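As structure tokens, the structure follows; a few thoughts come after it.
The values are calculated or read from the model by the stated rules, or taken from the named source; none is laboratory data. Note that the structure is predicted; figures quoted are calculated from it, not measured. Cβ sites come from the backbone with ideal geometry, for glycine too, and all protein chains shown count toward neighbours. The area values use the complete protein model at the heavy-atom level, side chains included, leaving out ligands, DNA and RNA. Shrake-Rupley method; radii C 1.70, N 1.55, O 1.52, S 1.80 Å.
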Amino acid sequence: KSRAVDDEKWNVRSTAIEQLGQQFKEDPDTVKILKSRAVDDEKWNVRSTAIEQLGQQFKEDPDTVKILKSRAVDDEDNDVRSTAIVQLVQEFKEDPDTVKILKSRAVDDENEYARSTAIVQLVQEFKEDPETVKILKSRAVDDEGYRVRRTAILILREEFANNSEVQEFLDNL
């Protein structure tokens, strides 16, 4: 437990957090440690691991979804935001805020990696949402990040191959 919180090496803290989540789920201190490390650790790697373990091992804890939502939007690091986005979709896709957060992050996140993650997750779980194609089209044309434009175009081409309106849009790019 002390290694997860106090070790000076981030990789030791990260490994300890992963092991706590996977091997000591029944220990009441585990969820407390994961929650604090998900929000308060100085290293993005540790926060990301804690978020992953919270989502995978403590879905039933009422604070987990709150932490994931907060980290998906407010964490200073794009990798942490991306991890939180993935965990929200994997574990809380039924929560109405999940799709709202995905749509917001797909357009408004400051980092192209996080925006790409959001559009991939949006299509994987919310392909039928009427706004999904609109967001993909806008990202294919208007996104400042090459990765996001490329990802949006590839997704439109592959996932909407039978949609003539989408294919016409792609032909006119």
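Remark: the Lys127-Leu170 segment gains 13.7 nm on full extension, using 0.36 nm per residue and subtracting the alpha carbon distance.
Semi-axes, largest first, in whole Å: what does sqrt of 5 times each Cα gyration tensor eigenvalue give for the stretch 36-89?
Details: eigenvalues 46, 25, 17 Å².
Result for the stretch 36-89: semi-axes of 15, 11, 9 Å.
Could you tell me which GluC sites (Glu not before Pro) in the stretch 130-169 are loop residues by DSSP with no more than 10 other beta carbons within 10 angstrom of their beta carbon?
On the way: sites: Glu131, Glu144, Glu158, Glu159, Glu165, Glu168; in loops: Glu144.
Answer in residue order: Glu144.
Excluding same-chain neighbours fewer than eight residues apart, the lysines reachable from Lys25 by a Cα-Cα span under 21 Å are Lys1, Lys35, Lys59, Lys66.
What percentage of the solvent-accessible surface of the chain, computed with a 1.4 Å probe over protein heavy atoms, is contributed by carbon and sulfur atoms? Can you show the working numbers first?
On the way: 3920 of 9160 Å².
Ligands and nucleic acids excluded, carbon and sulfur reach 43 percent.
For the chain, the longest principal axis of the C-alpha atoms and the axis of helix 130-142 are separated by about 80°.
Here the contact order of the chain, divided by its residue count and restricted to Cα pairs under 8 Å and six or more residues apart, works out to 12 percent.
Straight-line reach from Lys134: taking Cα to Cα under 27 Å and skipping same-chain neighbours fewer than 8 places apart, the lysines in range are Lys69, Lys93, Lys100, Lys103.
How big is Rg to Rh over the chain, alpha-carbon atoms, Rh as the Kirkwood inverse-mean-distance radius?
Numbers: Rg = 17.8 Å, Rh = 16.8 Å.
In the chain, Rg relative to Rh is 1.06.
With the charge dipole of the chain set up from +1 on Lys and Arg Cβ and -1 on Asp and Glu Cβ about the Cα centre, the Cα lying farthest toward the positive end among the listed residues Ala16, Ala161, Val148 is that of Ala16.
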